[in-house]
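Contents: one structure, followed by commentary.
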Amino acid sequence: MFLNSVSLRTRIFIAMIFLVVVSSLLIATITIIQYNEQAREYHEKRLERKETAIKSAITYELFRNKSIQPDTIATSSLLNQKIKEISDIHNLDVHIYSINGELLGSSGHAEGGNIQKKLSNKIVRKIAFDPSHRVLIYGEDNKAKHYLSAYSYIHNLNSKPVAIVGVPYLQDNTLQDYELREFLQRLMLVYLLILFLAVLTAFLLSKYITKTMEYVSEKLKSTSFGGRNEKIILKNTNDSIFSLVNSYNNMIDQLEASAMNLAESERKQAWQEMAKQVAHEIKNPLTPMRLTVQSFERNFDPGDPEIRNKVAEFSDILLQQIDTMSSIASAFSSFAQMPAQNKETLNIVSEVKLALDLFQEPFIHYYPEKKVIYADLDKIQLTRIITNLMTNAIQAVRNEEDPNISVQVRETENEVTISVSDNGEGIAESDTAKIFEPKFTTKNSGMGLGLAMVKKIVETYNGSITVKSGLNEGATFLVQFPKH
């Protein structure tokens, strides 16, 4: 689970370090095992040589020296003396037992522990049934010294076993242990150097391997539908990466084609909806105009003394409907056509104040945070934003007994915020998500294009507009622009 959450570079790095550490531990373990095997083999062969020499000397003294007869082994006074001499020559303890394991003679030392007065039946049986009639016993004394004891038959001149010789041998590994420590220390230094080189190699190798992958990953993260996506161009890359890059570039082509088709479809649909809305709005004044003309035609009487007044009334009705149609055309024209940006550095505080001076309502209050707050905007479009928001706020508080509209301008580290708050009828929660959509309105009159136009202007300058409201709780519109 842990490796699934780390990056490819970290995985390569961990794998390289893991291989070096594991290999060093394996080599150290094998070296220790090998040294122990060599030490054991060395002591066994050395003991075997010593044992052979001791048996030869004992055989000579027992069966070739006429002063000791074979039938007097158990009682010979010279036996212990000869064993001690042989022991001193070879610097090893020597014990002689009968075929049944009874102690017959000894060099008199107690190396490796107390002298065994009688061999165990297990050892005697092993000597008897072993093809070489020889047994090696590993042991440890009370001082934690390791001993290796060899037991084997002594044969007479007729090759008949007449006794058992025991030779305890102290396994002194001081030299081998010293050599092992020296070797392991040198091995550790070498592997520390190898570990350092492995870390450096793993870092460079992982960086080289993942560099292209990270570049492709960043491109994939920045890919967006409808945005400007750049293709990836790589040189001297392997087949796997090239296949991935080629697939990404093909995806970019498909995204661009899909985005163009979608944009064209959306534009077509938008203009269709706009045309329907324009037709609907124009039909509204045409109907009363048609009825007025038809009524005037039916009731027209040149001799009527009130004819002049009736013509004037007829003309007023027609002019009123014509003005309505003109305002509809102007509203759609303003929404469809955004004037060219004339971006300049403005003092937002003073510009908002100038826009608010157009309104004479006494319940409008202005609270700028500072006297000077700068942002890069178009003066005319900023005025249109303030005018539209103020018009909506005034209409929202028209039925309030104590109407209040407050306008604030403040700044943060990166943004300028303009807020317009009122204590009017508010906006239902279900309508707040649609309040900035074209054609949506909560008023009895209007075409629902004002806030849509404001949002379009704000987003042109990389800003945002949001609303906080609830039914009968008033409303607060927040407009945010990047700070100069």
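The values are calculated or read from the model by the stated rules, or taken from the named source; none is laboratory data. Predicted, not measured: the structure shown is a model, and the values here were computed from it. With ideal geometry, Cβ positions are generated from the backbone for all residues, glycine too; neighbour counts draw on all protein chains shown. Surface accessibility is based on the protein's heavy atoms, side chains included, excluding ligands, DNA and RNA. Shrake-Rupley method; radii C 1.70, N 1.55, O 1.52, S 1.80 Å.
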Exercise. So which pairs qualify, if the first residue must be in the range 381-396 and closer than 17 Å to TYR366 by Cβ, the second must be modelled with pLDDT under 90 and not in a helix (DSSP H, G or I), the Cβ gap must be under 6 Å, and the two must be at least 6 apart or on different chains?
Worked result: MET390/PHE359
Exercise. Out of LEU187, LEU157, which single residue is of a type outside the set (Ser, Thr, Tyr), loosely packed, with under 13 Cβ neighbours inside 10 Å, in contact (Cβ under 8 Å) with a residue 24 or more places away in the chain and outside any strand (DSSP E or B)?
Worked result: LEU157
Exercise. What is the residue count in the range 190-210 for residues that are in contact (Cβ under 8 Å) with a residue 40 or more places away in the chain and within 14 Å of MET16 (Cα to Cα)?
Worked result: 12
Exercise. Looking at SER120, is it crowded, with 17+ Cβ neighbours inside 10 Å and among the polar types (S, T, N, Q)?
Worked result: no
For this session: Could you figure out which of (1) part of a helix (DSSP H, G or I); (2) of a type in the set (S, T, N, Q); (3) within 46 Å of the chain's Cα centre (by Cα) isn't true of SER419?
Result: (1)
Exercise. Counting only residues that are more than 27 Å from GLY139 (Cα to Cα) and open to solvent by 90 Å² or more (accessible area, probe 1.4 Å), which one in the range 28-74 is modelled with the highest pLDDT?
Worked result: TYR60
Exercise. So which of ILE322, ILE328, ILE364 is modelled with pLDDT of 85 or more and either closer than 22 Å to GLY450 by Cα or not charged (D, E, K, R) (or both)?
Worked result: ILE364
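Here's the yes/no breakdown for (1) modelled with pLDDT under 90; (2) buried (at least 20 other Cβ atoms within 10 Å of the Cβ):
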{"position": "VAL372", "(1), (2)": "no, no"}
{"position": "ALA375", "(1), (2)": "no, yes"}
{"position": "LEU382", "(1), (2)": "yes, yes"}
{"position": "ASN404", "(1), (2)": "no, no"}
{"position": "VAL407", "(1), (2)": "no, yes"}
{"position": "ARG410", "(1), (2)": "no, no"}
Problem set entry | Number of the exception - ILE164 against (1) surrounded by 12 or more Cβ atoms within 10 Å (Cβ to Cβ); (2) part of a helix (DSSP H, G or I); (3) hydrophobic (A, V, I, L, M, F, W, C) | (2)
Problem set entry | Of residues in the range 341-370 being touching an Asp or Glu at 6+ places or on another chain (Cβ under 9 Å) and part of a helix (DSSP H, G or I), the one surrounded by the fewest Cβ atoms within 10 Å (Cβ to Cβ) | VAL349
